[in-house]
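To start, the structure itself, in structure tokens.
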Amino acid sequence: MARVGILLAAALLLGLVSASHAIEGTATFYTVYTPSACYGFQDQGTMIAAASDGLWDGGRACGRMYTVRCVRGTNAVPNPCNGGTVTVKIVDRCPSPGCTSTLDLSREAFAAIGNLDAGRIVIDYNQV
């Protein structure tokens with residue numbers, strides 16, 4: 001029984017350490033997925049995102065995976081977060097000055113963690 005308690009404590013600690021390494025940013029969403037800067041007209045599914053200039057890394061961001069969680073809203077829309085997380089693949093670039101977020105998620109990815117009516121949310125994200 002003590003062994004189970006130790007394992008449970010270790011799992012909780014690892015979860016806290018993992019969450020503490022999350023980076024805070026913002027997310028918006030988009031609806032036209034092709035062509036993309038990384039894959040042209042190749043379909044990459046719907047759990048995808050475009051990286052802001054800060055994450056783009058000269059195109060090396062293509063294919064990177066990020067786990068994303070909604071933290072709170074950026075406006076007065078009630079219930080901006082749905083809970084849970086989503087893992088997305090970087091398939092495109094969201095260039096400045098038009099890009100107003102860290103990650104521009106597909107509509108489906110955004111809806112998995114946030115209220116579409118919010119339009120823009122604060123997120124925590126980690127590279128997988």
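The values are calculated or read from the model by the stated rules, or taken from the named source; none is laboratory data. All of these numbers come straight from a predicted model, not from anything done at the bench. Reconstructed Cβ throughout: ideal geometry from the backbone, glycine too, with neighbour counts over all protein chains shown. Calculation scope for accessible area: heavy atoms of the full protein, side chains included, ligands and nucleic acids excluded. Shrake-Rupley method; radii C 1.70, N 1.55, O 1.52, S 1.80 Å.
Some notes on this structure:
- The Cα-based radius of gyration and maximum Cα-Cα distance (Dmax) for the range 71-115 are 11.6, 30 Å.
- Placing ILE121, ILE23 in order of accessible area, with the largest value first and a 1.4 Å probe, yields ILE23, ILE121.
- Debye log10 I(q)/I(0) for the range 23-127, one point scatterer per Cα, at q = 0.11, 0.15, 0.17 Å⁻¹: -0.28, -0.52, -0.67
- Around VAL71: net Lys/Arg minus Asp/Glu count, Cβ-Cβ under 10 Å: 0
- For ASP57, solvent-accessible area (1.4 Å; no DNA, RNA or ligand), Å²: 60 Å²
- Counting only protein heavy atoms and a 1.4 Å probe, the range 23-127 has 48 square angstrom of accessible area per residue.
- Taking a sphere under 12 Å around the Cβ of TRP56 and counting the other residues whose Cβ falls inside, with K and R at +1 and D and E at -1, yields a net charge of -1.
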